[in-house]
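A short worksheet on the structure shown next.
The values are calculated or read from the model by the stated rules, or taken from the named source; none is laboratory data. What you see is a predicted model, and the numbers here were worked out from it, not measured in a lab. Virtual Cβ from ideal backbone geometry, glycine too; neighbours counted across all protein chains shown.
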Amino acid sequence: MPSDPEAASPAEDWEARTDAAIARYQKYVNPGLANLMKFGGFGALEYSAEGSLIRDAFGNEYVDCLGGYGVFSLGHRHPKVIAAVKDQLDRLPLSPRVFFSEPFALLAEELARITPGDLQYSFFCHSGTEAVEGALKLARAASGRPGVLAAQAGFHGKTLGALSACGRDVFRERFEPLLSYFVRVPFGDADALAAAITPDIGAVLLEPIQGEGGVIIPPPGYLTAVREVCDRHDLLFIADEVQTGLGRTGKMFGVDWDGVAPDIMCLAKALGGGVESLGAFMGTPATWEKLFGENPAMHTTSVASVLAARAGLAALEVTQEERLPERAAELGAWALERLETIRAAHPMSVKEVRGKGLLIGVEMAHRDIALLVIGALAMRGVVVAYAFNNPHVMRIEPPLNIPRDLLERALNAVEDALTEAEAMLEGITE
Ligand code: PLP
């Protein structure tokens, strides 16, 4: 590919290539998704990305306020992550899985050091849903009970085990029967959680802040109360930090807001530094012994990407060095204030603005407004999306190191996009 699409080939080449790629998505990938993207304002070919900017094949630039649903906490192509991955690429990209891997050893040690409490061991995988699958097996092995309490509107991935915990019927119903003994309780209510415990229940699986549920922040003290319920009833607390982990909410981990330590933790998304795909589930020595004590091959996967391990190590280093959790807290507080002013100016369209750190949700009065605003923002060179489990909510989830002026540009565009969406809706209803 040429480095500069505009200079290297005439615009009509890219138009033809874009049309051809969309046609191939329609024919070979996912027709519905292709149509949704095309008509939602994302009908271009992605071309390159750097920092908080994405460029399409026509040379248009977009401020990335979606951040790959939480993947790009370090932005795109962070130089330290790229350097680590390039160094590894020339030596040994994938582990042959016969000798020890130093990057994986170092990464596991560093994760044990920065995570709360007694979390010590890590199993590495490739995605968030895989991390949740492993965590569920770990919980079953360690508790000896199959049941899991999860939250309404919670999201943990779409493979069958993770889907069993998912709190949105539309994703689950067609695949029932899923895993049995999964019970969903209202998020943020520790009494409801305690009341739902039966002898089959062995674990509680929660996001510290619900991301896909529409950026739902539980009342202060909720996670502490959940920890107490777990201790009282001998349940394992699984924290799904796939989206909230590694600085996103303004602390290194979402559970840090209440200062509690889970027994099991799931990580992914930002763990790969925005360059590689990496997930992990972690456990305490007590849980690990139950899963792997008798048979070290009780849970495995063939592919171990050393590139991903190097990316992960670099990501943890950058996150701490650049104080990204603190930065997310500061910038997030400022962004929330700005969005609150916008909400006050558009009270019929925007119901609520909420967030922690740079995990921000703008709840619209209607999902059509959310869709129109997201499309209007794309036209203005800003990328956002709605929450999977709550399409009324437009999420703003930029890289944690986004320059303030870029975020300001994006938030100004939100205001313009809202005005345009309101005018369009008025035109339709007149
Ligand atoms: N857990 C949480 C909290 C998530 O937000 C997600 C994805 O959005 C997942 C798990 C699934 O991760 P992945 O999409 O990498 O499979």
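Hey, does the stretch 27-47 have a residue that's closer than 24 Å to residue 397 by Cβ and assigned to a strand (DSSP E or B)?
Yes, because at least one residue in the stretch 27-47 is closer than 24 Å to residue 397 by Cβ and assigned to a strand (DSSP E or B).
If we scan the stretch 233-246, do we find a residue that is at pLDDT 95 or above, touching a Cys at 6+ places or on another chain (Cβ under 9 Å), β-branched (Val, Ile, Thr) and outside any helix (DSSP H, G or I)?
Yes; the residues of the stretch 233-246 include at least one that is at pLDDT 95 or above, touching a Cys at 6+ places or on another chain (Cβ under 9 Å), β-branched (Val, Ile, Thr) and outside any helix (DSSP H, G or I).
Select, from 300, 341, the only residue that is among the β-branched types (Val, Ile, Thr), without any contact (Cβ under 8 Å) to a residue 24 or more places away in the chain, out of contact with any strand residue (DSSP E or B) (no Cβ under 7 Å at 6 or more places or on another chain) and under 28 Å from residue 125 (Cα atoms).
Result of the check over 300, 341: 300.
Of the residues in the stretch 33-76, how many are acidic (Asp, Glu), surrounded by fewer than 22 Cβ atoms within 10 Å (Cβ to Cβ) and farther than 16 Å from residue 375 by Cβ?
The qualifying residues number 3.
Taking the options 313, 331, 336, 358, name whichever one is within 17 Å of residue 251 (Cβ to Cβ) and touching a Pro at 6+ places or on another chain (Cβ under 7 Å). Break it down stepwise before answering.
Details: 313 fails: within 17 Å of residue 251 (Cβ to Cβ); 331 fails: touching a Pro at 6+ places or on another chain (Cβ under 7 Å); 336 fails: touching a Pro at 6+ places or on another chain (Cβ under 7 Å).
On inspection, the qualifying residue turns out to be 358.
Filter the stretch 257-301 down to residues that are assigned to a helix (DSSP H, G or I) and closer than 24 Å to residue 66 by Cβ and give me whichever is farthest from the ligand (Cβ to nearest atom).
By that ranking, first place goes to 257.
It is to be established whether one or more residues within the stretch 309-320 are part of a loop (DSSP other than H, G, I, E, B), surrounded by 13 or more Cβ atoms within 10 Å (Cβ to Cβ) and modelled with pLDDT of 95 or more.
Within the stretch 309-320, none of the residues are part of a loop (DSSP other than H, G, I, E, B), surrounded by 13 or more Cβ atoms within 10 Å (Cβ to Cβ) and modelled with pLDDT of 95 or more.
Tell me, which residue of the stretch 230-249 that is in contact with a strand residue (DSSP E or B) (Cβ under 6 Å, 6 or more places away or on another chain) and not aliphatic (A, V, I, L, M) is nearest to the ligand (Cβ to nearest atom)?
Here the answer is 240.
Please list, ordered by first then second residue, the pairs with beta carbon atoms under 7 Å, 6 or more apart or interchain, first in the stretch 125-141 and touching a residue at least 12 places away in the same chain (Cβ under 8 Å), second within 10 Å of the ligand (Cβ to nearest atom) and assigned to a helix (DSSP H, G or I).
Note: pairs meeting the criteria are 125/131; 128/269; 129/162; 132/162; 133/162.
Would you point out the residue of the stretch 77-98, among those that are of a type in the set (Lys, Arg) and in a helix (DSSP H, G or I), that is farthest from residue 67 (Cα to Cα)?
If we take residues in the stretch 77-98 being of a type in the set (Lys, Arg) and in a helix (DSSP H, G or I), then 86 is farthest from residue 67 (Cα to Cα).
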